[in-house]
Each structure stands twice: as C-alpha cells, then as structure tokens.
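Working notes, beginning with the structure itself.
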Amino acid sequence: MNWTAMFEPMFFMPFATGLLVAAVLPILGMYLRLREEWLAALAFAQLAAAGSLAAAIAGAPVLVGGLALSGVAAAAKAWIARNGNNGYAILMVAGWGASVLMLANAPLADHLGHALFDGQLYFTDAHNLWSMAAFALVGGLTMRWLSHKLLFERMFPDFFRASGLSATRYHLLFDLLAAAGLALATASVGVMAAFTLVFVPTMIAYQWGRSWRQSLAIAVVIGVVAYVVAFQIALVQDQPFGPVLVVTMVSAAAGAWALRKLAFRQPARTPAKH
Amino acid sequence: MNDAPCIELQRVEAGYEQPVVGPLSFALGAGEIVALWGPNGCGKTTAMNAIGGSARVFSGTIRKRPGLRISHQQQNPLSLRDIPLSGRELLALTGGDAAALPSSLQPLLDRRLSELSGGQLQLLQVWACLTAPVDVALLDEPTNNVDAEGIALLEQVIDRERRRRAILLVSHDRRFVEALGARVVEVGAP
C-alpha cells in the first residue's frame with residue numbers, strides 16, 4: 001500500500017482537513033457522552049447537512065448554511081428539552097426529513113447531497129481547512145476553560161444549585177460549540193463519518209481510560225489513527241471515504257471490546273480437592 | 001465579625017409534589033455543626049434538599065447569607081461510576097484538599113472511580129465537599145457504606161473543618177452525631 005499518497009498535493013488539503021476533524025470531534029464527544037447527550041452529534045450533523053443543502057439551493061455559502069441551522073438548533077434545544085436526548089432525536093429526524101425532501105425537489109443539490117451523505121472528503125477546499133483550523137484553535141481554548149465547569153456540574157449538580165449558581169450558560173456555550181464543530185465536520189467528512197468520530201472513540205475511551213485526561217488522549221488517538229487508516233484505504237481502493245471510516249471505526253470498537261474481554265477474563269476455577 | 005447565621009429556616013414546609021417535611025425552623029451559625037434527626041421518612045433529606053435548592057419550598061422562608069458558598073454531598077453518588085474520572089480529578093473539581101487525605105487513602109487518588117468500593121467512593125465524595133473552599137457543607141448520610149475506620153476519619157476531618165465552615169448533616173448514626181458534638185434538630189412530617 002502506498003502510504004505517501006495522502007501527502008500528494010491533490011489529496012493533502014482534504015487529508016489535513018479530515019485530520020483536524022478526527023482530532024477535534026472525539027473531544028466534543030467526550031463531553032457529549034458526559035452529559036449522556038451523544039445523540040446530539042447526529043442531530044447537529046443532520047441539521048448541518050440540511051442547512052448546507054438549503055444554502056446551496058439558495059445560492060448562499062454552504063458552510064454558512066450548515067453553521068446557521070445547527071447553531072439555531074443548539075439554541076433551540078435548550079427550549080425543546082433542557083437535558084436528555086428527546087430534543088436531539090426530534091432535531092435529528094427533522095434534519096433528515098428536510099434534507100431528503102430538498103434532494104428530491106432540487107436536483108441541483110444532488111452533487112452536494114451525495115458528498116454530505118456518502119462522505120466524499122476529497123471535495124473539501126481551503127475554506128473547509130481554514131474554518132476547521134480556526135475552530136480547533138478557538139474551540140480548544142474554550143474547552144480548556146469550560147471543561148472543569150462541565151465536569152463539576154455533572155459530578156456535583158447540587159453544589160451549583162445550593163450556591164445559587166446556574167450552569168445554563170455553560171451548557172449553552174458547549175451546545176453552540178458542539179453544533180459549530182459538527183457543522184464544519186459534516187461539510188468535510190459527511191453526516192455519518194462525523195457522527196462516528198464523535199461516538200466510537202469516546203465509547204472506547206470511556207471503557208479504557210483511568211482518568212479524564214487519559215480518556216481524552218485515548219479518544220483523540222483512536223480518532224486520528226482510524227482516520228488515517230480509513231483515508232488511506234479509501235484512496236488506494238477508490239472507495240467512498242465516509243463508509244470506509246465507519247467500517248474502520250466499527251472494527252476498532254470490536255477489537256477494543258475483544259481485547260477488554262481477554263484482559264478482564266476471570267481465571268477458570270479449579271475444582272476443589274476433597 | 002458577622003454574627004448573622006449562615007442559613008436560617010423559618011417555618012419551612014418542603015417537598016416535591018407536596019409538602020413532606022415541616023414546618024421546620026432552625027439556624028446554622030458559622031463554625032457550627034447541626035444534625036437533622038428523625039425517623040426514616042420524616043423528610044430529613046428533603047429539608048436538606050430544600051436548602052440546596054433541589055426540593056420545593058411550599059411555605060416559610062430559607063434565608064442564606066449573601067454570597068454564601070455551599071457544597072452539597074448527596075446520598076447516592078454511584079450512578080456516575082461510568083465516567084472515567086480518577087479520585088484526584090474528583091477532588092480537584094470542588095477544590096478539595098487532596099494533600100490532606102491520610103496516607104492510607106492516598107492510593108485512591110490515582111484510581112478510577114469505578115474501581116473504588118462504595119465506601120471508598122463515599123469517603124472521597126464527602127472529602128471533596130467537606131474540604132472544598134465553601135462556607136457551608138451539606139452532608140447527607142456521610143457514613144453510608146463507610147467502615148469503622150472511615151467513620152473515625154470522617155469524625156477527625158469534620159472536627160478540623162468545623163473551624164473553617166458550618167456543617168449541616170443528615171445521619172441516622174446517633175453515635176456519629178454525638179461524637180461530633182453536633183446540635184441536634186428534630187425533624188417531623190407536617
């Protein structure tokens with residue numbers, strides 16, 4: 001297998017964009033799972049796709065459309081359901097329904113629809129790369145500040161309440177951040193690849209990590225390694241990137257599960273001697 | 001020095017759907033330990049939750065000194081075991097004093113919460129609330145699942161911390177309450 005293909009000029013920009021996505025989404029996923037709201041990733045991704053399609057049909061910038069609709073959804077979620085996955089499930093099916101209807105009635109959006117739903121990373125351009133780089137920088141700094149507050153509120157909710165403090169603004173800020181990250185990621189790697197990068201590395205990290213810091217590192221490493229492998233396979237085998245990434249991630253999850261079974265296998269009991 | 005009580009309840013009736021405790025009146029002064037006492041189901045935890053803000057006050061008033069910082073240790077922390085957090089990270093969240101933890105409990109700091117026994121986790125939760133930089137610590141059944149050695153440790157640390165903050169606790173362990181020299185407030189249903 002030619003491992004240098006990803007560094008060729010034609011593929012380097014999509015590769016670098018996806019690499020940023022693969023490093024950033026698992027971190028957002030850790031905090032979404034912390035709040036038991038991982039379904040938000042799929043909701044934001046579906047809505048970003050719908051927003052992108054609507055923007056394409058209206059002749060507006062695709063990235064702006066995705067960001068706008070997922071951002072509105074993050075703000076509206078606080079009104080639909082303060083916590084939990086109910087609100088996200090409603091937003092997810094709404095995004096999917098709107099996208100499919102737009103694709104059925106606007107043939108011009110067909111090309112973009114395929115990219116968003118099949119995960120054709122190779123169509124990303126400099127806008128995608130710089131937007132994602134800017135998000136990684138701003139989002140990273142924001143999460144450094146926000147992380148303690150989100151963990152504290154989750155582990156000691158009454159601590160906040162008893163002192164008359166409110167965590168609402170922290171949750172809203174994180175929701176907006178997650179929505180923006182998912183919208184940018186969806187525009188680059190597609191709906192299901194973005195969701196998988198949020199969900200699978202986090203699931204494995206929650207099982208294997210011995211601390212929050214370590215779990216964050218595990219999630220990022222899994223996301224990045226699986227992404228590089230999937231990118232290479234998709235490129236060399238001429239396959240759509242999104243499904244290849246999903247299959248790679250599912251394989252990683254299965255491997256981690258099997259490894260855990262082996263590592264924590266109970267020793268067989270020896271029969272008692274009489 | 002401010003002599004106003006940290007927290008003062010006046011004829012408070014509290015509950016969730018309907019009142020389950022009260023009318024209850026008492027004050028918690030700085031440096032004081034007050035224990036809510038009564039039979040099972042009399043609403044001790046509900047009274048504490050009303051102060052903490054997670055139960056509804058139907059009548060009466062709860063006055064808190066302005067700017068009061070309060071920590072609140074709940075009875076059932078076990079549902080959060082799936083979160084990959086170490087003991088050290090748990091204490092860091094509240095600003096709890098990890099260095100003051102006795103050497104016998106120091107190894108707990110680097111273990112994941114899911115690897116701790118119920119008693120060990122309870123001890124860390126109480127420690128996190130008790131040694132946090134707050135004015136009042138609310139402790140709900142702090143001795144639950146904790147062995148005799150752990151209870152002795154809690155008595156020591158509460159005795160030390162009482163100089164820095166007021167403590168309101170709910171406990172069914174009369175010996176523990178008496179060992180702390182806590183002022184006992186009888187709690188009854190409406």
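The values are calculated or read from the model by the stated rules, or taken from the named source; none is laboratory data. These numbers come from a predicted model, not from an experiment. Note that each Cβ is placed from the backbone with ideal geometry, even for glycine, and that neighbours are counted across all protein chains shown.
Structure notes:
- Considering residues of segment B:72-92 that are within 25 Å of B:Ser171 (Cα to Cα) and modelled with pLDDT of 90 or more only, the residue farthest from the other protein chains (Cβ to nearest Cβ): B:Leu91
- Verdict on B:Asp135 being of a type outside the set (Lys, Arg) and in contact (Cβ under 8 Å) with a residue 40 or more places away in the chain: yes
- Just one of (1) within 16 Å of the chain's Cα centre (by Cα); (2) in contact (Cβ under 8 Å) with a residue 40 or more places away in the chain fails for B:Arg56. It is (1).
A quick yes/no check of all residues on (1) within 24 Å of B:Met48 (Cβ to Cβ); (2) of a type in the set (D, E, K, R); (3) over 14 Å from the mean Cα position of the chain (by Cα):
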site	(1), (2), (3)
B:Pro107	no, no, yes
B:Gly119	yes, no, yes
B:Leu138	yes, no, no
B:Thr143	yes, no, no
B:Arg160	yes, yes, yes
B:Arg165	yes, yes, no
B:Leu168	yes, no, no
B:Arg174	yes, yes, yes
B:Val177	yes, no, no
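- Extreme residue, farthest from the other protein chains (Cβ to nearest Cβ), among residues of segment B:52-71 that are of a type in the set (Gly, Ala, Ser) and at negative phi: B:Ser59
- Residue in segment A:178-193 that is among the small types (Gly, Ala, Ser), in a helix (DSSP H, G or I) and within 10 Å of chain B (Cβ to nearest Cβ) present: no
- Flag for A:Ala162 being under 20 Å from the mean Cα position of the chain (by Cα), buried (at least 24 other Cβ atoms within 10 Å of the Cβ) and not β-branched (Val, Ile, Thr): no
- Residues in segment A:172-195 include at least one that is at negative phi, among the aromatic types (Phe, Trp, Tyr) and either surrounded by fewer than 24 Cβ atoms within 10 Å (Cβ to Cβ) or touching a Lys or Arg at 6+ places or on another chain (Cβ under 9 Å) (or both).
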